[in-house]
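Novice: Below are the structure tokens for one structure; questions will follow.
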Amino acid sequence: MHHSPRALLALVALVACAFSLSASDPAKLPPASAAKIDFEADIKPLLAAHCVKCHGADKPKGGLRLDSRAAALEGGNTGPALKVGKSAESKLIHAVAGLDPETAMPPGDKRLSAAEVGKLRAWIDQGAKWDGTIAGPAATKLTHWSFQPIARPAVPAGSAHPVDAFVHARLAKEGLKPSPEADRATLVRRLSLDLTGLPPTPGEVDAFVNDKSADAYTKLVDRLLASPHYGERWARHWLDAARYADSDGYEKDTGRPFAWRFRDWVIRALNDDVPFDRFTVEQLAGDLLPNATTEQKIATGFHRNTLTNKEGGVDQEEFRVAAVVDRVSTTGQVWLGLTVGCAQCHDHKYDPLSQREFYQLFAFFNSDREADIAAPLPGEADRLKKEQAAFDAELAKLKAAVEKAKADKVLAADLKKLEAAVVAHQKKAPSATKAMTIAAGTARPTHVMIRGDFLRKGVEVKPGTPSVLPKSTGATRLELARWLVSAENPLTARVTANWVWAKFFGRGLVSTPEDFGIQGAKPSHPELLDWLAHALRDGGWSLKKFHKLIVTSATYKQSSAVSAEALKRDPLNVLLARQQRMRLEAELMRDSALAASGLLHREVGGPSIRPPQPPGISELTYANSARWVESTGPERYKRGLYIWFQRTSPYPLLTTFDAPDSNVCTVRRERSNTPLQALTLLNDSVFVEAAQALAKRVQLDPTAKGDEARVARAFRHALGRAPVPAETERLVKLLAQFRTLAEADPKEAAKLPGPHAPPGARAPEAAAWVALCRALLNLDEFVTRE
Amino acid sequence: MHPTREALERSRRDFLTTSANGVGLVALASLLEGDGSLRAADAPNPLAPKAPHFAPKAKNCICIYLEGAPSQIDLFDPKPKLNELHGQKLPDSLTKNVRFAFLQKDTATVLGCKRKFAKHGQCGMELSDLLPKLGTVADDICLIRSMHTEAFNHHPGQLLMNTGSTMFGRPSMGSWLTYGLGSESKNLPGYVVLNAGRGTSGGTSNWGSGFLPSTFAGVLFRNQGEPVLNLNNPAGLSAAMQGATVEAVRDLNGIRHAAIGDPEIAARISAYELAYRMQSAAPELIDLSKEDKKTLDEYGIDRPEPDLKAARGGGKGQFRAFAANCLLARRMVERGVRFVSLFHASWDHHSNLDNELPHNCLMADQPVAALITDLKRRGLLDSTLVLWLSEFGRTPLGENRGGSPNVTGRDHHPFCFSLWAAGGGIKGGQVIGKTDEIGWSVVEDPIHINDLHATILHLFGMDHTKLTYRFQGRDFRLTDVAGKVVKKLLA
């Protein structure tokens, strides 16, 4: 088999890693670290990563186990590995220092750094504190925080809002003070972007700024939560997790013309505030609900977003298995916050999750089949009925003609033509709009796959949930889904609360929303997280209620301004003494520009769109197979979440601004800051067109007269707030510069306003305004939610 | 001075010297006040050069990727035995547990090789008659005949070669290198991609940054027209207007920074300045008019391109595109670009092998050899690693897809294939590894793709086990959990 050369190498490596020890000169050992060592943070990962694989419970090399303190002290064939308090005399240290190549550990090229050895030394010198075992499920279950039942922490006194009570108590402990509330213009923009993904219009800003009623803020929150754009905004977050795309992926990357039905389902479900437990069950097992509706079946599209490989010569079973693996990994990631996918080929390195348990989860999904179902759109049934009647009538006519021809004994060639017409017509049978769903298929046994290889079957396993978590009773996908959102499962509520929180603060209370396991970050505010998890679950899993809870806190409403001192003290804003500025997501960047310019087409839902794309992008797909036929109607100005996502050649604007490649589940987007982003904002056709339209808008605005007023109006369309005098001054100066430069070559300048030249305006004047608006759309503040 | 620190100071100095008005100076003052907060970690340029783990041999890499799997049997690994066995079946013991993409193993027979092989250079490296020009630099290249992989479909295979894993979402080689080392280039991206031919199976996933920030993704350049997407200003907006724009944006961002203190604003200012510099640097880069005629001729930019009725290689115009890409790769290396990727698709010769492979070789042979000669003449080869890669090899059996008796090509073959490397600390003039007499399996010095990656990182002064990125609770590497530096490759 093709593994043989590697297997041979592996064997050689195995033989070489016998753990024997001989002392080397202690003076040459790397010095012990001076820091106070924390076993969990500093030592356990080292042992887990470098030692326990060969020196664990399973056939320990050299008879040495390094998976518990007692075992390490007992030692292997050559005696104790540790001498507590005396690192220089500990064989473990001599081995990992690697002074003697014969006994150097770990084997191969994976040596520890001097700093890591120093940490191990310090740990031994400080008493080799070590609770529990490594990779032992029972021991980890007892200690790791996220597997424990969700606590019901008491709300600290001192603040009216529970969120603030927890945050302020912590700040007080650290000797810090929260920031003052942000000004109203910032607040309304922040809230609008967070809840609907669209910037407020200047009118909406004014309405809120001037609303003196006591409940002005709550009214604003309620209005935004009720907006149909709320569903679009939060659907996009969810679609990242669902690795939504409009094509198969892999070489052929065939289009999925009905993928959008799932996207529409998500938007609608969020707008209807479908409780998160139902939201979960319908997406994972809507097809298995009693009397499942078409909508519930469409919901199962969640797991149809896996890739499909139609490359010639592939083994279909290999990629069926790959899709099921992805369904397991994604489910683990999204609801449990665990990297269960790591256990596909071997026991999880850090978390109490064995390879066998991975395949027990796999078994829940292994018998499913992919079903493309007829899912008529509202009103479509009538259309179909009419079309079917017309189709049937025509078919009957054609068939009759054939019969008549036969009876009349016409020429064979003529008869053939008539028969061909019947066949051709039959291909035109009317069909309903489809949806991609998951359905239960024929039962298929599940085996552990040795090293994750679908051709190497191990023992058979039955559906089951990981033993570290409370048991699930059932064996169906529906029961798995219900178990995920059950009161006993400590993870889903915490993971979901944290995921939501991260969208409002730029960082989760657990800063690794994708990993609540041993290697993940510990919560910065563990009591607050548990309190929020309860609030979410006890609030009937209503996401809207949960959002409202968070955004009405003073913690959320704080200013995001930061002093150099505060930045030094808490650069990542872990303690929440301020709000966090965040660069907008890719789709929002485009949405904001279109909104500011007035070009945005606000229609909610529908098929994916293909706005103008630079030449040469679709050509990157396999044999230039993905054609990009530009949308020509108003839909080309729809929001960014509707842009057709071709996996092997994604819309460049999206990837430039860190939209995920949608091949795997993403629960946290990167926020990079690159020169290509600058070029995109400066020159990508959608931003240029937005600048042109915004320029036209302010030039034709009868309520804005004179440069200063117009500059201020454009500024407000872009940023919501009014400019400060220094800003107005600089912009007016810039406008003058542009006028001079445009006057120098009026013929050239006439090209700048494009199709949005205001009627009657002189070309250099119109050009100067476009250039000015383009500068506004390139401000850091424009692309940032403050 | 620490390199990132230096970059920060530089950007701040630029800010001072280029900001011509009072508002800009106010912004600058606030940046300087924020000095304590703008630590190295917050430095505006994540691509600032960083020190490797140990002294490197290579500073830059040109990675020529021939997508689709060129036939090693017809180019690099002579197997005279195949002509003896032509038309015969192979023993079942050999094919028993083997999966093929298209080949029907019950009826498949050995396909002989029409190529003539000759020895080249002082080292006597045997190469096919399709690569005469490459033969002139045989003493500079190290040919590996013992590569093997576990992927045998194109997209997973390309992911493995370019990212070290058949799974999606991993960073490509160039991303890892620029993440680890930054870039010397001040006006161009650190990782550039050039394409010729039809689209590759892997598309953009071959040069994506995976879970690394998009800062480290390959930037696609085109060899004509607008060299980088969105590089050109909109029609009617002059260079002077663009200058005024960038300056005003910087000033206005400075005002906001003074009010709100977020260091991210400083990073954005610096990104805009690099974008602005790139607007003049990139067109200068792709402008070949300053190259002398001798150079252009050596690369064969304006060679005649024979007609070939086959879409697989991308159709007419690829000779010029590929040659220009090779020359551009040298120009990029001269300007400090860390990693240049050249893709050409496709070499997937399931059929028509004896017409299409010569055509592709005619396209690639001259410019690739010229690139090596040119780099050497300019003293750049020692520090520039040149790679010739693909995802797997091709079968000694003829491909009889659907049981067809009309056999004119070869199927995918992962058990052995050939690649070569030159320059950048590679020991040239040698052949590494052996395959059996029918080119079925490796019999000496097996090298896995993870080993190749470990060796490439080693040449750049990086320990492949230490170049890691924490993602989903795990420290990921280009070499995943495997890889060994192949010492024989090193000079």
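The values are calculated or read from the model by the stated rules, or taken from the named source; none is laboratory data. Predicted model only: the values in this text are computed from it and were never measured. Note that we place each Cβ from the backbone using ideal geometry, even for glycine, and neighbour counts take in every protein chain shown.
Novice: Sort out which residues of segment B:382-402 are more than 16 Å from the chain's Cα centre (by Cα), surrounded by fewer than 23 Cβ atoms within 10 Å (Cβ to Cβ) and not acidic (Asp, Glu), and write them in order of number.
Specialist: Passing the criteria: B:ASN400, B:ARG401, B:GLY402.
Novice: Still on this structure, please answer the following. Among the residues of segment A:235-269, write down those that are among the aliphatic types (A, V, I, L, M), assigned to a helix (DSSP H, G or I) and closer than 15 Å to A:GLU282 by Cα. It would help to see each step written out before you state the result.
Specialist: Taking segment A:235-269 and keeping what is among the aliphatic types (A, V, I, L, M), we get A:235, A:239, A:241-242, A:245, A:259, A:266-267, A:269.
Subset that is assigned to a helix (DSSP H, G or I): A:235, A:239, A:241, A:266-267, A:269.
Matches in segment A:235-269: A:VAL266, A:ILE267, A:ALA269.
Novice: Scanning segment B:476-491 for residues that are among the charged types (D, E, K, R) and closer than 21 Å to A:VAL664 by Cβ, which turns out surrounded by the fewest Cβ atoms within 10 Å (Cβ to Cβ)? Spell out how you get there, then give the answer.
Specialist: So in segment B:476-491, the residues among the charged types (D, E, K, R) come out as B:477, B:480, B:484, B:487-488.
When the remaining residues are screened for being closer than 21 Å to A:VAL664 by Cβ, the result is B:477, B:480.
Working: B:ARG477: 24, B:ASP480: 17.
My answer is B:ASP480.
Novice: Filtering segment A:584-607 down to residues that are closer than 26 Å to A:ALA375 by Cα and either crowded, with 20+ Cβ neighbours inside 10 Å or out of contact with any Lys or Arg (no Cβ under 7 Å at 6 or more places or on another chain) (or both), which residue is nearest to the other protein chains (Cβ to nearest Cβ)?
Specialist: My answer is A:PRO607.
Novice: Is it the case, given these coordinates, that B:GLU226 is more than 17 Å from the chain's Cα centre (by Cα), modelled with pLDDT of 90 or more, farther than 16 Å from B:ILE64 by Cα and more than 7 Å from every other protein chain (Cβ to nearest Cβ)?
Specialist: Here the answer is no, as B:GLU226 does not meet what is asked.
Novice: Within segment A:608-647, count every residue that is small (Gly, Ala, Ser) and within 14 Å of another protein chain (Cβ to nearest Cβ).
Specialist: Filtering segment A:608-647 down to residues small (Gly, Ala, Ser) leaves A:608, A:616, A:618, A:623, A:625-626, A:631, A:633, A:640.
After this cut, where a residue has to be within 14 Å of another protein chain (Cβ to nearest Cβ) as well, the list is A:616, A:618, A:623, A:625-626.
Matching residues across segment A:608-647 total 5.
Novice: Quick check on my filter: what residues within segment B:438-456 are assigned to a helix (DSSP H, G or I), within 11 Å of chain A (Cβ to nearest Cβ) and not charged (D, E, K, R)? Working first, answer last.
Specialist: Applying the first criterion (assigned to a helix (DSSP H, G or I)) to segment B:438-456 yields B:449-456.
From the residues that got through so far, the ones that are within 11 Å of chain A (Cβ to nearest Cβ) too are B:449-451, B:454.
Once the filter is applied, which keeps residues that are assigned to a helix (DSSP H, G or I), within 11 Å of chain A (Cβ to nearest Cβ) and not charged (D, E, K, R), segment B:438-456 yields B:ILE449, B:ASN450, B:ALA454.
Novice: Do any strands (runs of 3 or more DSSP E) entirely within segment B:93-203 hold 2 or more residues that are within 21 Å of B:ASP77 (Cα to Cα) and free of Cβ contacts under 8 Å to residues at least 40 places away in the same chain, and if so, which? Don't jump to the end; show me each part of the working.
Specialist: Values: elements: B:117-120, B:125-128, B:141-148, B:191-197.
The strands (runs of 3 or more DSSP E) meeting that bar are B:117-120.
Novice: Restricting attention to segment A:715-733, which residues are within 13 Å of another protein chain (Cβ to nearest Cβ) and of a type in the set (A, V, I, L, M, F, W, C)? Before the answer, list the steps.
Specialist: Of segment A:715-733, the ones within 13 Å of another protein chain (Cβ to nearest Cβ) are A:715, A:718-719, A:721, A:723-733.
Hits for segment A:715-733 are A:PHE715, A:ALA718, A:LEU719, A:VAL724, A:ALA726, A:LEU731, A:VAL732.
Novice: Still on this structure: For segment A:657-697, enumerate the residues that are without any contact (Cβ under 8 Å) to a residue 24 or more places away in the chain and not polar (S, T, N, Q).
Specialist: Of everything in segment A:657-697, those that are without any contact (Cβ under 8 Å) to a residue 24 or more places away in the chain and not polar (S, T, N, Q) turn out to be A:ASP661, A:GLU670, A:PRO675, A:LEU676, A:LEU679.
Novice: For segment A:544-560, does any single residue satisfy the condition of being touching a helix residue (DSSP H, G or I) at 6+ places or on another chain (Cβ under 8 Å) and within 14 Å of another protein chain (Cβ to nearest Cβ)?
Specialist: yes
Novice: Residues that are at pLDDT 85 or above: list the helices (runs of 4 or more DSSP H) wholly contained in segment A:1-114 that include at least 2 such residues.
Specialist: On the way: elements: A:4-16, A:44-50, A:69-74, A:91-97.
Those helices (runs of 4 or more DSSP H) span A:44-50, A:69-74, A:91-97.
Novice: A:ARG581 - would you say it is within 14 Å of chain B (Cβ to nearest Cβ) and at pLDDT 95 or above? First the steps, then the outcome.
Specialist: Working: within 14 Å of chain B (Cβ to nearest Cβ): yes; at pLDDT 95 or above: yes.
So A:ARG581 fits the description; yes.
Novice: Return the residues of segment A:657-679 that are surrounded by fewer than 24 Cβ atoms within 10 Å (Cβ to Cβ) and in contact with a Leu (Cβ under 6 Å, 6 or more places away or on another chain); say none if nothing qualifies.
Specialist: None; the set is empty.
Novice: When segment A:331-369 is examined, which residues are found to be polar (S, T, N, Q) and either within 12 Å of chain B (Cβ to nearest Cβ) or farther than 20 Å from A:ARG320 by Cα (or both)? Let's see the steps before the verdict.
Specialist: In the first step, residues of segment A:331-369 are kept if they are polar (S, T, N, Q); the result is A:331, A:333, A:339, A:344, A:354-355, A:360, A:366-367.
Across segment A:331-369, the qualifying residues are A:GLN333, A:THR339, A:GLN344, A:SER354.
Novice: Now for a separate question. Going by what's in this entry, would A:VAL500 be described as touching a residue at least 40 places away in the same chain (Cβ under 8 Å), surrounded by fewer than 13 Cβ atoms within 10 Å (Cβ to Cβ) and outside any loop (DSSP other than H, G, I, E, B)? Reasoning before the result, please.
Specialist: Working: touching a residue at least 40 places away in the same chain (Cβ under 8 Å): yes; surrounded by fewer than 13 Cβ atoms within 10 Å (Cβ to Cβ): no; outside any loop (DSSP other than H, G, I, E, B): yes.
Against the criterion (touching a residue at least 40 places away in the same chain (Cβ under 8 Å), surrounded by fewer than 13 Cβ atoms within 10 Å (Cβ to Cβ) and outside any loop (DSSP other than H, G, I, E, B)), A:VAL500 does not qualify.
Novice: Looking for whichever is within 14 Å of chain A (Cβ to nearest Cβ), at pLDDT 90 or above and within 30 Å of B:TRP347 (Cβ to Cβ) here; the options are B:GLN318, B:GLN279. Which one fits?
Specialist: B:GLN318
Novice: Here's something else I'd like to know. Across segment A:695-711, which residue is surrounded by the fewest Cβ atoms within 10 Å (Cβ to Cβ) among those that are in a helix (DSSP H, G or I) and more than 14 Å from every other protein chain (Cβ to nearest Cβ)?
Specialist: Initially, segment A:695-711 is screened for residues in a helix (DSSP H, G or I), giving A:695-699, A:707-711.
Okay, now just the ones that are also more than 14 Å from every other protein chain (Cβ to nearest Cβ), so A:696-699, A:707-710.
On the way: A:LYS696: 24, A:ARG697: 22, A:VAL698: 21, A:GLN699: 23, A:ASP707: 17, A:GLU708: 16, A:ALA709: 14, A:ARG710: 21.
Among those residues, the one meeting the criterion is A:ALA709.
Novice: Considering each of A:ALA593, A:ALA566, A:ALA561 in turn, give the residue that is more than 22 Å from the chain's Cα centre (by Cα) and not in a helix (DSSP H, G or I). Full working, then the answer.
Specialist: Details: A:ALA593 fails: not in a helix (DSSP H, G or I); A:ALA566 fails: not in a helix (DSSP H, G or I).
It is A:ALA561.
Novice: Answer yes or no as to whether B:THR136 is more than 10 Å from every other protein chain (Cβ to nearest Cβ) and not aromatic (Phe, Trp, Tyr).
Specialist: Working: more than 10 Å from every other protein chain (Cβ to nearest Cβ): yes; not aromatic (Phe, Trp, Tyr): yes.
The answer is yes for B:THR136.
Novice: Has segment A:627-643 got at least one residue that is crowded, with 16+ Cβ neighbours inside 10 Å, under 21 Å from the mean Cα position of the chain (by Cα) and assigned to a loop (DSSP other than H, G, I, E, B)?
Specialist: Of segment A:627-643, the ones crowded, with 16+ Cβ neighbours inside 10 Å are A:628, A:631, A:635-643.
Narrowing the set further to residues that are under 21 Å from the mean Cα position of the chain (by Cα) leaves A:639-643.
With assigned to a loop (DSSP other than H, G, I, E, B) added as a condition, the list becomes A:639.
Taking every residue of segment A:627-643 in turn, at least one turns out to be crowded, with 16+ Cβ neighbours inside 10 Å, under 21 Å from the mean Cα position of the chain (by Cα) and assigned to a loop (DSSP other than H, G, I, E, B).
Novice: Tell me which residues, restricted to segment A:169-195, are surrounded by fewer than 22 Cβ atoms within 10 Å (Cβ to Cβ) and assigned to a helix (DSSP H, G or I).
Specialist: Keep residues of segment A:169-195 that are surrounded by fewer than 22 Cβ atoms within 10 Å (Cβ to Cβ), which gives A:169-185, A:194.
Passing the criteria: A:ALA169, A:ARG170, A:LEU171, A:ALA172, A:LYS173, A:ARG184, A:ALA185, A:ASP194.
Novice: Here's another thing I want to ask about it. I'm told B:ALA196 meets every condition in (1) in contact with a His (Cβ under 6 Å, 6 or more places away or on another chain); (2) more than 30 Å from B:VAL442 (Cα to Cα); (3) within 10 Å of chain A (Cβ to nearest Cβ) except one. Can you identify the failing condition by its number?
Specialist: It is condition (3) that B:ALA196 fails.
Novice: Step by step: first the residues of segment B:428-475, then only those that are among the charged types (D, E, K, R) and touching a Cys at 6+ places or on another chain (Cβ under 9 Å), then the one that is surrounded by the fewest Cβ atoms within 10 Å (Cβ to Cβ). Which residue is that?
Specialist: Residues of segment B:428-475 that are among the charged types (D, E, K, R), as a first pass: B:434, B:436-437, B:444-445, B:451, B:463, B:466, B:470, B:474-475.
Going one step further and asking which of them are touching a Cys at 6+ places or on another chain (Cβ under 9 Å), we end up with B:436, B:474.
On the way: B:ASP436: 16, B:ARG474: 18.
Per the stated criteria, the residue is B:ASP436.
Novice: May I ask you to verify whether A:ASP248 is closer than 30 Å to A:HIS303 by Cα, within 14 Å of chain B (Cβ to nearest Cβ) and among the acidic types (Asp, Glu)? Can you show your working first?
Specialist: Numbers: closer than 30 Å to A:HIS303 by Cα: yes; within 14 Å of chain B (Cβ to nearest Cβ): yes; among the acidic types (Asp, Glu): yes.
It is true that A:ASP248 is closer than 30 Å to A:HIS303 by Cα, within 14 Å of chain B (Cβ to nearest Cβ) and among the acidic types (Asp, Glu).
Novice: Applying the selection to segment A:742-780, what residues are facing another protein chain (nearest Cβ under 9 Å), over 16 Å from A:GLU689 (Cα atoms) and either buried (at least 22 other Cβ atoms within 10 Å of the Cβ) or among the small types (Gly, Ala, Ser) (or both)?
Specialist: A:ALA742, A:ALA744, A:ALA763, A:LEU779, A:ASP780, listed by residue number.
Novice: Looking at (1) farther than 30 Å from B:ALA196 by Cα; (2) touching a residue at least 40 places away in the same chain (Cβ under 8 Å); (3) not assigned by TED's automatic domain parsing to the domain that holds A:LYS751, which one does A:ARG647 not meet, given that it meets all the others?
Specialist: (1)
Novice: Additional query: Could you tell me which residue of segment B:79-92 is surrounded by the fewest Cβ atoms within 10 Å (Cβ to Cβ), considering only residues that are out of contact with any Cys (no Cβ under 7 Å at 6 or more places or on another chain) and touching a residue at least 60 places away in the same chain (Cβ under 8 Å)? Break it down stepwise before answering.
Specialist: We begin by selecting, within segment B:79-92, every residue out of contact with any Cys (no Cβ under 7 Å at 6 or more places or on another chain); these are B:80-81, B:84-92.
Retained after the next criterion (residues that are touching a residue at least 60 places away in the same chain (Cβ under 8 Å)): B:81, B:85, B:90.
Working: B:LYS81: 16, B:LEU85: 18, B:LEU90: 18.
Of everything passing the filter in segment B:79-92, B:LYS81 is surrounded by the fewest Cβ atoms within 10 Å (Cβ to Cβ).
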